[in-house]
Every structure is written in structure tokens, then in C-alpha cells.
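Have a look at the structure below, then the notes.
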Amino acid sequence: MPLFGTLRTPRNLVFGAGQRNALPAYAAALGTKVLVVTDERLAGDGEFHVLMDKLAEAGLQTKVFDGTIAELPLECIARGVELGRAFGADLIVGIGGGSCIDAAKVIALLLAHGGKASDYYGEFRVPGPVLPLIALPTTSGTGSEVTPVAVITDPDRAVKVGIASPHLISHTAICDPELTYSCPPSLTAVSGADALTHAIEAYTTVRRQPTGTIVHEHVFLGKNALSDNYALMAISHISASLKRACDNGSDHVARERLMLGATTAGLAFGTAGTAAAHAVQYPVGAMTHTPHGMGVAVMMPYVMEFNRAHCEAELGEIGAAMGIDLAGKSSFDRASATIDAVDALFGSIGIPKTIADLGIIAGQLPQIAEQAMGSVRLIKNNPRPLDMETMTLLVEAAFSGDRRRLRAMSPDRKAN
């Protein structure tokens, strides 16, 4: 297959301690009336008020929408749009975790193009640029500050739904690890686990034959030469820092590496996409009301096992990026060691082992399989083709905790 690569990125990406102070100058170059999208907790934070004062000093008018809530129900978005429209906002700044930044994206979209969020569900439904958007993440997880997707909750849909378009990518992303220092261990764990699944799935997605118009056919293009570099970079940083950051939130080196890993994972999957682990999490999360990062992390070792025959070499390369000693091992054993290491890392930070541990019961498995198959943008990215039969096999294994049954064995291999 010919060498091919694409990146979908912000125009400006700034990373480093203290870089939040770059916000006023970037904002002043893009607008005059700033709608700041955040949540109630962050809006009461002292550092947040310092940033708002600096925007005012730069001559900008600001209005704060602090009504973002987890899972982004449509009514939350509607309130933000109403406030922004009444204010006459010409620039959106999203500050917070993934929900805050996704809310900022959808509000920027609806203020620019009108209509309802449901008008834009799916891929390439956004007709043109949204209001200029600056994103400042305060967790090391979703990578939403650099990605072309926003995920929201629609009461008319059984699972969360995505809006995917390159127009949703923020104009400027400012990633300041100091904003994550107060992130509690439980949130650090599920956010960081989410980031690692982004990187692993981006590195193991299907590799498509590049056509001359592939970038216009898929928002998420699959595995490619440029996204691969960011995926491996993310895996290296996250695997070295996740446990340390959970154990000691004051470990500034770990915090820096974890945030860099989350952002580079976003750069990887924002172009390559994610796959089966995310597809299964959507119905599991809706049924159990458990965090997204926890659900995808539970699924990841099972998905790696399920996909192994279609990405065995890549699994070994992931292990090498994690720093595992793979010298002298066969390709099969390298993949096995990598899957075991991911499973162990997640276990060390409190991620449950099965979807049963999340609260799923056996009678829900058929519905999970059916709804997961409905996430077409994710299913089409999986390196091993999925149909209802194989999806059912995957969710049943994730329920029982039996990874070995997922091995797609070649004739000369025996389960051991």
C-alpha cells in the first residue's frame, strides 16, 4: 500500500506550564465578544477568574456560560446557544474537561449555522466554518481540544451521538498542565485511560487504500503514517505517567507527560479514528451511567485480543512504546505481552475487569451488541470486520471476562 498520511489539527497548538496566559492575545485576534463555556465548578475557581480578568484587560467583553453538565444533554447546549445569541458572541472559548469543550464546539456550530444539533449528526453535515473556537482542557483525557468530533446526549436516542466535521476543530488549543494539578485521582484515572484507548485504537485502526478523495470521504481516515507517530508518542507518555499521576497528583512531570499524551492521542484519533471499544462503550455507558473513560478502558484488552490477528505487528509496536521488554519473543507473544500490560496498567488504577463489573446484566448483551453495531463511524474503522455475530462474541467475552475465547487463531496456533 502506498505511503499516505493526513493530519486534522488546530491552526495553533500550544503546550506547556503557564501557557494559559497566551489566551488573551489569541482571543483578541479572533473576536471582541467572548462566550466562555465551562461548568459551575470551574467558574468558581480562582484561576478561572484570573483568566477572565486578563481577557477584560485585553479589551474583550466576556459572558460566562457555566451550565455545562456531564454527558451534554441537548437542553444544556440550548441554554448556552441562547446566552451566546443574546450576547452577540463572535468567539467561543471552552475551558474544562471534554464535556465543556464539546459543548463549546456545538454552541459555536449552532451560533454560526442555526438549526438544531440533530441537523448535524453524523459525518460532514456541518456546512462551513463555525464561530472561532479556543479550547483549554483541564483534564488529560478526551483530546477534544484538537479533534473534529463532539458527542452529546439526545433524549430521543438510546445512546450518545456524535457530530463529526473538520469544521469543529478548534482554531487554537492551549494545553497547560498546571490546569490539571487539582484533578482528583479517580478523574485522572478514567481520563487518562480514555486517552490511552484513543492512542491504541488510532494505531490499530483499519488502513484504507488511499484514493484521491479519501479525505473528503471519511472524517476519520484510518491508520496512516502521520497519525501513527502521534499515537506512539501518546502511548509512550501515557503508559509512563498514568499510574504516577493517579498516585501523586503533585508529580508535575507525570502531569505534564499525561497531558501531552492525551493531546497527542487526540491528534492521532482525530485523524485516524477509534473503533470497537468506543462503539461498545456507548450503549454500556447509557445503561450503567458509568464514565466514558472507564467503559472504553474495560473494553480495550478484549478488543485488542479480538483484533490481534489483524494487527499483531502493531500490538507488538505498542508494547515497545510502553517500554515492555519484548526481546526474543515471537510476534504472537509480543502481542500477548502488550495486551497483558495494558490490562495490568488499567487494573493498577482501579479500572474494573468486565462490563458485568460496570453493572451490565446478561439480558442486556443482545441490546448492547445491536446498538454498538449502530455506531457506523466506529465500526467501519475496526481492523477486524464486525458483524452481529462477532460483535456478540466480543460483548459476551467482555461480560464473562474470558479474553482467550476471542483469539482469532491461525491453524498452527493453539490457545494456551
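Quick notes on this one:
- Signed unit charges on C-beta, dipole axis of the range 3-149, positive-most listed residue Y26, L3, T68: L3
- Between the range 296-315 and the range 64-133, the Cα center-to-center distance that results, in Å: 34 Å
- In this structure the range 333-374 gives 40 Å² per residue of accessible area when probed at 1.4 Å with all protein chains present.
- Here the chain is assigned +1 on the Cβ of each Lys and Arg and -1 on the Cβ of each Asp and Glu. Its dipole about the Cα centre then comes out at about 700 debye.
- Cross-link pairs exceeding 29 Å in C-alpha to C-alpha distance, out of K329/K353; K160/K380; K54/K223; K116/K353; K33/K380, comprise K54/K223; K116/K353; K33/K380.
- Multiplying the residue separation of V253 and S118 by 0.36 nm and removing their Cα-Cα distance gives an extension gain of 44.5 nm.
- Projecting the Cα positions of H292, A320, A335 onto the charge dipole of the range 283-339 (unit charges on Cβ atoms of Lys, Arg, Asp and Glu, taken about the Cα centre) puts H292 furthest along the positive direction.
- Magnitude of the charge dipole, the range 91-194, Cβ model with Lys/Arg +1 and Asp/Glu -1, debye to 20: 220 debye
- Magnitude of the charge dipole, the range 307-416, Cβ model with Lys/Arg +1 and Asp/Glu -1, debye to 20: 120 debye
- Rounded percent of accessible protein surface that carbon and sulfur make up, the range 261-416, 1.4 Å probe: 52 percent
- Here the contact order of the range 235-298, divided by its residue count and restricted to Cα pairs under 8 Å and six or more residues apart, works out to 24 percent.
- On the basis of the beta-carbon distance and an R0 of 35 Å, V215 and V14 show a calculated FRET efficiency of 0.85.
- Order by protection proxy (mean Cβ within 10 Å, highest first), peptides 136-149, 234-247, 8-21: 136-149, 234-247, 8-21
- Ordering Y120, S182, I107 by Cα displacement along the dipole of the range 107-226 toward the positive end leaves Y120 in first place; charges were set at the Cβ atoms of Lys, Arg (+1) and Asp, Glu (-1).
- Extension gain, A313 to D45: 0.36 nm times the residue separation minus the Cα-Cα distance gives 91.9 nm.
- Virtual spin-label span in nm between D402 and S330, 7 Å along Cα→Cβ: 2.3 nm
- Close amide H partners of K223, meaning residues 5 or more places away or on another chain with modelled amide H under 5 Å apart, are T205, V206, R207, R208.
- Shown here are the Rg and Dmax of the Cα trace of the chain, at 20.5, 70 Å.
- Solvent-accessible area per residue for the range 196-325 (1.4 angstrom probe, square angstrom): 28 Å²
The values are calculated or read from the model by the stated rules, or taken from the named source; none is laboratory data. Just so it is clear, the structure is predicted and the values come from calculations on it, not from any experiment. Because the Cβ atoms are built from the backbone with ideal geometry, glycine has one as well, and the counts that use them run over all protein chains shown. What goes into the accessible areas is simple: the full protein's heavy atoms, side chains included, and nothing from ligands, DNA or RNA. Shrake-Rupley method; radii C 1.70, N 1.55, O 1.52, S 1.80 Å.
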